[in-house]
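Presented below is the structure to which this report refers.
The values are calculated or read from the model by the stated rules, or taken from the named source; none is laboratory data. For clarity, every value in this text was computed on a predicted model and none was experimentally measured. Counting neighbours? That spans all protein chains shown, and the Cβs are built from the backbone with ideal geometry, glycine included.
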Amino acid sequence: MTLQNFRLHAARLLRAAAFLLSAATLLPAVITPAKAAPLPVIAVNREIGLSVTGNFQDLTSNSGHNDSYNYTTPYWEEHSKSSGSERNHVSGWTPGFRVDGQYMFETAVIKHVYAAASFSLDDGEVDDNYSTHWHDSGAVYNDQERGKTGVNRSNINVRGEFGKGFLLLDDHLLITPTIQGGFTAGGSNTFTAFGKGYVGLALHADYAITERLVIRGRVGWAQFLDTHSYFYNNPRRYAGASRPQWSGDIGLDYRMTDRIHLTRGVSYTYLNDGRAKETQSDRNLYFNNSQSSRGISWSNGVQLRLGASYQL
């Protein structure tokens, strides 16, 4: 090889080395690195899911009334008093379903912003255990009745939440306080009667046991804007004061694939509707009739759920 050929090959090698070096330098800018998977406690808050539910309802209402009748004329007088009480205890399991959607995102200035919505529906037949007692001052005996019958119960609940999460314990624990608001309705053979709106606060806690398994908890307070008590066999509505509902929820979220999660859980709610009263009177020159009614009711609810969700 002559000196001239050696110089020519050396120049070619230097140009090739310079090209490879420049390509290696530009490669990271051309190829976008794969996006890192979110933390397990973040991933479970970026899901949309569907669950089948079993719903246990336990509703108790007590009511009573007092009636007074007085009729007086120059030729005739008649006076009577009567009182009665009723108790209803409705309980049983109903099937249903629940849809949940939640997403945790970041803005330019705030991390882990949380938004969620859920819808649940259940419908089925439950047991109604009732008892009545009636006393009339003009009767020689008291009238009593006890019985049990099947009744339909249909319910819907719509809820929305908005809040912010905080990572703790080396990113294994996520605490998310939220504000909540929603609407619930339902009754016998109806999904829309006796509707109640509510607002309140909730606190979520998610803890990653492993990379795939997360235990989830939630406690909530919801202030119903108006609660209702209903007297047995009386179609009129008695409005009570604003009342709180307390709730608790615990569940598990297991990531089966990169996107599909298996979910399960149980929730509990308690609502005391408070007391309701009504007084009516009707009078003129000859008669004076009065009626007073009172009532109190409360409810306990348990929901079991099993479903699957898709990670967004």
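Among the residues of the range 214-221, is there at least one that is assigned to a strand (DSSP E or B), assigned by TED's automatic domain parsing to the domain that holds residue 50 and modelled with pLDDT under 95? So that I can check it myself, show each step before the final result.
Residues of the range 214-221 that are assigned to a strand (DSSP E or B), as a first pass: 214-221.
Remaining after also requiring assigned by TED's automatic domain parsing to the domain that holds residue 50: 214-221.
Pick out the ones that are also modelled with pLDDT under 95 and you get none.
No, every residue in the range 214-221 fails to be assigned to a strand (DSSP E or B), assigned by TED's automatic domain parsing to the domain that holds residue 50 and modelled with pLDDT under 95.
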Please determine whether any residue of the range 86-98 is within 17 Å of residue 216 (Cβ to Cβ) and in contact with a helix residue (DSSP H, G or I) (Cβ under 8 Å, 6 or more places away or on another chain). no
I'd like to check something: does the range 187-197 contain any residue that is modelled with pLDDT of 95 or more and either closer than 19 Å to residue 120 by Cα or acidic (Asp, Glu) (or both)? no
Reported set for the range 122-131 where residues are buried (at least 19 other Cβ atoms within 10 Å of the Cβ) and modelled with pLDDT of 90 or more is 122, 126
Within the range 227-269, track down each residue that is part of a loop (DSSP other than H, G, I, E, B), loosely packed, with under 15 Cβ neighbours inside 10 Å and either modelled with pLDDT of 70 or more or not basic (Lys, Arg) (or both). 233, 234, 235, 241, 242, 256, 257, 258, 259
For the range 30-77, name all the residues that are acidic (Asp, Glu), farther than 25 Å from residue 178 by Cβ and either under 26 Å from the mean Cα position of the chain (by Cα) or at pLDDT below 70 (or both). 58
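Quick check: anything in the range 99-106 in a strand (DSSP E or B) and among the β-branched types (Val, Ile, Thr)?
First pass over the range 99-106, keeping only residues in a strand (DSSP E or B): 99-105.
Next, only the ones that are among the β-branched types (Val, Ile, Thr) stay: 99.
The answer is yes, given that some residue of the range 99-106 is in a strand (DSSP E or B) and among the β-branched types (Val, Ile, Thr).
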Considering residues of the range 90-111 that are within 18 Å of residue 150 (Cα to Cα) and hydroxyl-bearing (Ser, Thr, Tyr) only, the residue surrounded by the most Cβ atoms within 10 Å (Cβ to Cβ): 94
